[in-house]
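See structure below.
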Amino acid sequence: MIETIVLSNYRSVGPDITVHPGRVTFFVGPNGSGKSNVLDALSFVRDAVTQGLPAAVTHRGGIDSVRRRSHGRPYDVRIQLSVRLETGPATYSFVITGDRLEEYRVKSETAVVSTPEGVSRFHREEDLWQGPPGIAPRIDEQSLALTALGGAEEFKPLADFLSQITVYSIFPDTLRTPQRFDPARPMQRHGENWVSVLRELVKDAEVKDELIKGLHKLTGDIEDIRVTSAAGYLVAEFKQQEKASKGKRWFAAAQQSDGTLRVAGLLTALLQTPPLPVIGIEEPELTVHPGALPMLYDYLHQASQQSQILVSTHSPILLDQTNLETDKVFVVERKGGKTSVAQVTEEQLEPVRKRLLSLGDLFVSGDLQLSLFPEAAEA
């Protein structure tokens, strides 16, 4: 579980933003506030550790798109994650610097992993290296040491945890298209291997029943789901009522609505096995009927028993479902090109607890933003 996230100058995020997420955490804010950038910072760490820092930077359009824009010398990008592993607490951080807009290098990198047997750590400062005896990876200035050390016994638990962080932004058109079999797990960010994951998931009768139950609540007529093959491709099919014949038949994913496919993809991500340690979901309300959002929240909360759930949203309906005793809510605001993040306070929650207003009402009215970010009132 991620216990603390510290970000500085990642994309639109301002300096020294600290977040202490819970088992279920919501980042709320209007379009363009930068809430997705908070989640993308986690994806960036995952990509940098598993694919290499250059690949993670290139995938996001270059270093100029990764760090917050400046009028002079480029800002340093800093990301720090404090996590709790099965073996104990761990911390990982790195700073990316550069003297010109188009260049970057790793300024520093630190990992600390605690286990019942002791503490393992390494620290890198430019070309200087401090680490366990016998461990001195050959790395260039644009690479992370943890990428090279991920297989080392001392740091493998940390590298494995970071490599499994997955943030989802489900594209219905990606699910609608027949897919080649893909053995890779977990389900990919946009659902590129959704049908392959789904095929394994429906082999578990209990998990399949949960998936069908959710889709039936959404549509009212989906009673089964299966995966078939055609011409070397896998196709997801749904069994549902055919109004014309008053009978039931199988319909391919290509015939389903965006909302149905999006929910099918989200539920697959939440129900997949083995469960992921951290699941991020960007704006799950998109293309989904508002009446289905309470059901979707129930699945998010159910999944939090095994995975930490982080959600970005601007849906007051979804916000109204939050459990004020267990969920954490952070408001995200962007002013002057800089994103700020602040947790909703107990004082703000008082009228919600008294049932005078809902959390969604406070968000829609702008009171959440104005009380946490007074400078917004000047706009």
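The values are calculated or read from the model by the stated rules, or taken from the named source; none is laboratory data. Computed from a predicted structure; not experimentally measured. A quick note on method: Cβ atoms are made from the backbone with ideal geometry, for glycine too, and the neighbour counts reach across all protein chains shown.
Within the group Asp327, Asp320, which residue is surrounded by fewer than 21 Cβ atoms within 10 Å (Cβ to Cβ) and closer than 20 Å to Val24 by Cα? Answer to the selection: Asp320.
If you take just the helices (runs of 4 or more DSSP H) that sit entirely in the range 1-120, which of them hold at least 3 residues that are under 24 Å from Leu368 (Cβ atoms)?
35-51
Go through the range 207-234 and count every residue that is over 12 Å from Leu267 (Cα atoms) and either among the β-branched types (Val, Ile, Thr) or surrounded by 13 or more Cβ atoms within 10 Å (Cβ to Cβ) (or both).
Keep residues of the range 207-234 that are over 12 Å from Leu267 (Cα atoms), which gives 216-217, 219-234.
Restricting the remaining residues to those that are either among the β-branched types (Val, Ile, Thr) or surrounded by 13 or more Cβ atoms within 10 Å (Cβ to Cβ) (or both) gives 216-217, 219, 221-228, 233-234.
The qualifying residues number 13.
The residue of the range 241-261 that is farthest from Asn193 (Cα to Cα), among those that are modelled with pLDDT of 90 or more and in a strand (DSSP E or B), is Arg249.
You will find that of Ala90, Ala56, the residue that is aliphatic (A, V, I, L, M), in the same structural domain as Asp298 (by TED's automatic domain parsing) and surrounded by fewer than 21 Cβ atoms within 10 Å (Cβ to Cβ) is Ala56 and no other.
For Ser82, indicate whether it is among the polar types (S, T, N, Q), in contact with a Ser or Thr (Cβ under 7 Å, 6 or more places away or on another chain) and under 24 Å from Pro275 (Cα atoms).
Details: among the polar types (S, T, N, Q): yes; in contact with a Ser or Thr (Cβ under 7 Å, 6 or more places away or on another chain): yes; under 24 Å from Pro275 (Cα atoms): yes.
Taking the combined requirement at face value, the residue satisfies it.
Within the range 300-317, restricting attention to residues that are under 17 Å from Gln369 (Cβ atoms) and either outside any loop (DSSP other than H, G, I, E, B) or touching a strand residue (DSSP E or B) at 6+ places or on another chain (Cβ under 6 Å) (or both), the residue that is modelled with the highest pLDDT is Ser312.
Just one of Pro74, Pro21 is buried (at least 18 other Cβ atoms within 10 Å of the Cβ), assigned by TED's automatic domain parsing to the domain that holds Glu109 and farther than 26 Å from Glu103 by Cβ; which is it? Matching residue, one of Pro74, Pro21: Pro21.
From the residues in the range 24-41 that are of a type in the set (A, V, I, L, M, F, W, C) and either over 12 Å from the mean Cα position of the chain (by Cα) or within 18 Å of Asp320 (Cα to Cα) (or both), which one is surrounded by the fewest Cβ atoms within 10 Å (Cβ to Cβ)? Quick ask: steps written out before the conclusion?
Within the range 24-41, the first condition is being of a type in the set (A, V, I, L, M, F, W, C), and the residues that meet it are 24, 26-28, 38-39, 41.
Checking which are either over 12 Å from the mean Cα position of the chain (by Cα) or within 18 Å of Asp320 (Cα to Cα) (or both) leaves us with 24, 26-28.
Values: Val24: 21, Phe26: 26, Phe27: 26, Val28: 26.
Filtering first and then ranking leaves Val24.
Every residue, every condition in (1) outside any helix (DSSP H, G or I); (2) modelled with pLDDT of 95 or more, yes or no:
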{"site": "Phe122", "(1), (2)": "yes, yes"}
{"site": "Ile135", "(1), (2)": "yes, no"}
{"site": "Ile139", "(1), (2)": "yes, no"}
{"site": "Leu146", "(1), (2)": "no, yes"}
{"site": "Glu154", "(1), (2)": "yes, no"}
{"site": "Leu162", "(1), (2)": "no, yes"}
{"site": "Thr174", "(1), (2)": "no, yes"}
{"site": "Phe181", "(1), (2)": "yes, yes"}
{"site": "Arg189", "(1), (2)": "yes, yes"}
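Here's the yes/no breakdown for (1) out of contact with any Lys or Arg (no Cβ under 6 Å at 6 or more places or on another chain); (2) among the aliphatic types (A, V, I, L, M); (3) crowded, with 23+ Cβ neighbours inside 10 Å; (4) farther than 22 Å from Gln308 by Cβ:
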residue: Met1; (1), (2), (3), (4): no, yes, no, no
residue: Thr4; (1), (2), (3), (4): yes, no, no, no
residue: Leu7; (1), (2), (3), (4): yes, yes, yes, no
residue: Gly14; (1), (2), (3), (4): no, no, no, yes
residue: Thr50; (1), (2), (3), (4): yes, no, no, no
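In summary, Ile170 fulfils each of the numbered conditions (1) assigned to a helix (DSSP H, G or I); (2) crowded, with 18+ Cβ neighbours inside 10 Å with the single exception of condition (1).
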